[in-house]
Amino acid sequence: MSALVNSSMIDCDLITRICKYLNECVVLLVDNALCKPNKNLIMIFTYIPPERSNAYDTQNDYGIKLLKDNVLMIMSDVRDASYIITDDRNARVNDKPDYIPDDDIDYILCLRHCLSV
């Protein structure tokens, strides 16, 4: 996964890559000077291979759970922020069934239950 950012925004510290240890996604912190109402914005860009893809190790083969775990960890680290999550969930499924029963973001991340939204 990659995210292309204008170098002038990085040079003046308006956009910073955070959570560099996460291999499954790119996470950017957009400074509140660029956002209204003066709240930081976290942008998460991720690719989720289909289940049983050779992209996974043998221990973790469910990308939606990995995304959920990563997002909840990021949200606990950066509490007062807005979030944008962009992903590619169904890439390379070809003629295999879609293993996501519902593509609704609240369902995928359990936000209504976990965060009392």
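The values are calculated or read from the model by the stated rules, or taken from the named source; none is laboratory data. All values reported here derive from a predicted model rather than from experimental measurement. Reconstructed Cβ throughout: ideal geometry from the backbone, glycine too, with neighbour counts over all protein chains shown.
Residues of the range 65-101 that are modelled with pLDDT of 75 or more and more than 30 Å from Leu34 (Cα to Cα): Lys65 alone. Count, please, the residues in the range 1-35 that happen to be touching a residue at least 12 places away in the same chain (Cβ under 8 Å), among the aliphatic types (A, V, I, L, M) and surrounded by fewer than 13 Cβ atoms within 10 Å (Cβ to Cβ). Going through the range 1-35 one residue at a time, the tally reaches 2. Please go through the range 19-33 and give me each residue that is touching a helix residue (DSSP H, G or I) at 6+ places or on another chain (Cβ under 8 Å) and either modelled with pLDDT of 80 or more or part of a strand (DSSP E or B) (or both), ordered by number. Scanning the range 19-33 gives Cys19, Leu22, Cys25, Val27. Considering only the range 40-55, I want to know if a residue exists there that is small (Gly, Ala, Ser) and either closer than 30 Å to Asn6 by Cα or at pLDDT 85 or above (or both). Checked the range 40-55: at least one residue is small (Gly, Ala, Ser) and either closer than 30 Å to Asn6 by Cα or at pLDDT 85 or above (or both).
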